[in-house]
Amino acid sequence: MAMLEVKDLKVNYGLIQAIKGISFELNEGEIVALIGANGAGKTTILNTVSGVIPSSAGSIVFEGKDITKISGHKIVSMGMAHIPEGRRVFANLSVYENLKMGAYTRKDKAEIEATLKQVYEYFPRLEERKNQPAGTLSGGEQQMLAMGRALMSKPKLILMDEPSMGLSPLLVKEVFSIIKYCHEIGISILLVEQNAKMALGIADRAYVLETGNITLSGKADAMLENDEVKKAYLGV
Amino acid sequence: MDFLSYLINGISLGSVYAIIALGYTMVYGIAKMLNFAHGDVIMVGCYIVFMMMGKAGVPPIVAILGAVVICTVLGMGIEKLAYKPLRRATSLAVLITAIGVSYFLQNSALLIFGADSKSFTSVVNLPNLQLAGGKLTISSTTLVTVIVCIVIMLALSFFIKKTKAGQAMLAVSEDKDAAMLMGINANATISLTFAIGSCLAAIAGALFCSAYPVLTPYTGSMPGIKAFTAAVFGGIGSIPGAFIGGILLGVIEIFAKAYVSSQLSDAIVFAVLIIVLLVRPTGILGKKIHEKV
């Protein structure tokens, strides 16, 4: 059974149907990429899965539990973290306070400290700046913070929305190495990216999204060779 | 000695404004709305204390506790019935609703208690403090008001810094959706904020009416507006700002009454507000947004 199963999902914004009945799944340990142009509905899908916005039809099943109607704040403690588009760190709180906020649903104090140590180990820059307000960090550092904050909840699955947005090519590489690291420590990842080349390079499988519909799906490396994908998303 | 006595009275009045301003500023910070019915919750609190002390003859502290409980429930109820359905509506719709709730409370009080003014008995019945060989008298109400305000400020700072619910409030005030992604129940947090604000309104009401003992259905609106001014003055959304804004406003008002003209004192208070906002549009402690994009 897949870890995350989305079936016939439909999402409306007022009268506009943004997602027109899509189905996809993610198996434990996988990196699955959703690629597509601006406005295809990638962010809407992530927001619906994590419960930020309601769906109008279809079902979302996470680890065997139907979470379609469960409100967003309850989903974190089930093991799903969502790194939103634009990072959304708490700008006036310090780096440390941001990370602590990531562990909001956890009660095991000693364990939280251990996770914090791990996060600092992987992102030494966050430890150097732990007392600085998050709003003063650079874009790349904010992305690290958003990732560290998600890791603080000890997730089994992370939804990542455009982690490379607005970053320099060098930082994009760094961010992708962090995604790889999350994968190596056993976290499954649902990745939304406009940078299709990088996303397909790291993913196991991928879905191509066009104006609310899935038009193509398959192994990521096969998709890198697909002529349509090459033309539309890889600029080859 | 006059100066000192005015200053102390100003600080005391300012303490009441500060306690009320906390309700405005916390609700604004977290729900991003101006709750114009906040002043009328104060009035409801005053009537409850008045009825419980006068008609039922219970001791003041019990009357205040009763008012705190009823106002807290009232505040949460207003939020749930009137504001929560408008969570995604325009801020103008919420503002108009808040004004509507304000009139609703005033008119309900008019219906229940009548238009005639009631004379409120002070909730503080301790002897006045005599200083400097009897040259300076500080009324016990004044003193208790200042102490209560300081205790509330300290307790609230502790609550926000050290408790999970307080941290949740901080997160929701910064970014409601991101807070939800951390597992924070934003609706419950907003409800809690209204509960705290309304609980403080009841306390502020009892103290205000003890110092200015005339109670009518419109009693809450002027201190409400002044406290709102104090919150803007100090930087809306900021808790220490509400404190500083409240105290300053109270002191300015009393000095204006004493040294300039008691008719003009309100005009002077609002003139100072306008000047402060011209120089510092975010208020004294208003948040600087330092976010890199």
Fraction of the pair-distance distribution of the stretch A:33-120 above 19 Å, Cα-Cα pairs, percent
52 percent
Cα centroid of the stretch B:9-64 to Cα centroid of the stretch B:152-200, whole Å:
20 Å
Taking beta carbons within 10 Å but only from partner chains, what does the mean come to for residues A:44-53?
1
What whole-number distance in Å separates the alpha-carbon centres of the stretch B:226-263 and the stretch A:1-21?
52 Å
So if I take the alpha carbon set of the stretch B:148-215, get Rg, then get Rh from the Kirkwood formula, what is the Rg over Rh ratio?
1.12
Here the alpha-carbon Rg of chain A over 2.2 N^0.38 Å rounds to 0.99
If B:Met222, B:Met51 are placed from fewest to most neighbouring beta carbons inside 10 Å, the sequence is B:Met222, B:Met51
Under 16 Å from the Cα of B:Lys135, which aspartates and glutamates turn up, not counting those fewer than eight places away in the same chain?
B:Asp2
Remind me, relative contact order of the stretch A:190-236 in percent, using alpha carbon pairs under 8 angstrom and six or more residues apart?
32 percent
The extension gain from A:Leu170 to A:Lys74, computed as 0.36 nm times the residue separation minus the Cα-Cα distance, is 31.0 nm
What are the lysines whose alpha-carbon lies under 17 Å from the alpha-carbon of B:Lys118, with same-chain residues fewer than 8 places away excluded?
B:Lys55
Peptide B:181-192 - average C-beta neighbours from other chains (10 Å radius)
6
Subtracting the Cα-Cα distance of B:Phe158 and B:Leu277 from 0.36 nm times their residue separation yields 39.9 nm
What number do you get for the stretch B:1-111 when its Cα radius of gyration is normalised by 2.2 N^0.38 Å, N = residues?
1.25
Per its Cα gyration tensor (rounded if a/c is under 1.5, else prolate when a/b beats b/c, else oblate), the stretch B:74-130 is best filed as prolate
Put one equal scatterer on each alpha carbon of the stretch B:203-245, apply the Debye formula with no solvent term, and list log10 I(q)/I(0) at q = 0.14, 0.31 1/Å to two decimals.
-0.37, -0.98
Fewest-first sequence of B:Met26, B:Met153, A:Met78 by Cβ atoms within 10 Å of each Cβ:
A:Met78, B:Met153, B:Met26
Radius of gyration and Dmax for chain B's Cα atoms, expressed in Å?
19.0, 62
Would you calculate the separation in nanometres between label points at A:Gln194 and B:Val151, each defined as 7 Å from the Cα along the Cα-to-beta-carbon direction?
5.7 nm
Would you work out if the stretch A:96-236 is rounded, prolate or oblate? Take a ≥ b ≥ c from the square roots of the eigenvalues of the alpha-carbon gyration tensor; rounded if a/c is under 1.5, else prolate when a/b is larger than b/c, oblate otherwise.
prolate
To make sure I understand, if each residue's beta carbon is the centre and we count other beta carbons within 10 Å, what order do A:Glu174, A:Glu30 fall in, fewest to most?
A:Glu174, A:Glu30
Just grab the label-to-label distance for B:Met222 and A:Ser177, each label 7 Å out from Cα along the Cβ direction, in nm (one decimal).
6.8 nm
Counting pairs of alpha carbon atoms under 8 Å apart in space and at least six apart in sequence, what relative contact order in percent does chain B give?
36 percent
The orientation-averaged projected area of the Cα convex hull of the stretch A:165-236, in nm², is 5.3 nm²
On average, how many beta carbons from a partner chain sit within 10 Å of the beta carbon of a residue in B:164-175?
3
Once the mean 1/r over all distinct Cα pairs of the stretch A:84-173 is inverted, what Kirkwood radius in angstroms do you read off?
13.1 Å
How big is D for the protein assembly as shown, in µm² s⁻¹ as a whole number, if Stokes-Einstein is applied with the Kirkwood radius of its Cα pairs at 37 °C and 0.692 mPa s?
127 µm²/s
How much mean residue ellipticity at 222 nm does the protein assembly as shown get from its helices, if each DSSP H run of length 4 or more adds -39500 (n - 2.57) and you divide by all residues, to the nearest 500 deg cm²/dmol?
-17000 deg cm²/dmol
Could you work out the relative contact order of the stretch A:104-197? I mean the mean sequence separation of Cα pairs under 8 Å and 6+ apart, divided by the number of residues, in percent.
28 percent
Convex hull of Cα atoms in the stretch A:150-200, direction-averaged projection (nm²):
3.5 nm²
By the Cα gyration tensor axes a ≥ b ≥ c (a/c under 1.5 gives rounded; else a/b larger than b/c gives prolate, otherwise oblate), the shape of the stretch A:1-74 is oblate
Restraint check, A:Lys100/B:Lys164; A:Lys107/B:Lys176; A:Lys117/A:Lys154; A:Lys20/A:Lys156; A:Lys154/B:Lys176; A:Lys173/A:Lys197, Cα-Cα greater than 18 Å
A:Lys107/B:Lys176; A:Lys20/A:Lys156; A:Lys154/B:Lys176
Burial order of peptide ranges B:231-241, A:6-16, B:138-148 (average beta-carbon count within 10 Å, highest first)
B:231-241, B:138-148, A:6-16
In Å, descending, principal axis extents of the Cα set of the stretch B:58-180:
60, 43, 27
Cα atoms only: what Rg and Dmax, in Å, come out for the stretch B:167-293?
17.5, 54
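Bear in mind these aren't lab numbers, they're just calculated from the coordinates by the rules spelled out. Just so it is clear, the model here is predicted, and its values are computed rather than measured. Glycine also receives a Cβ, built like all others from the backbone with ideal geometry; neighbour counts cover every protein chain displayed.
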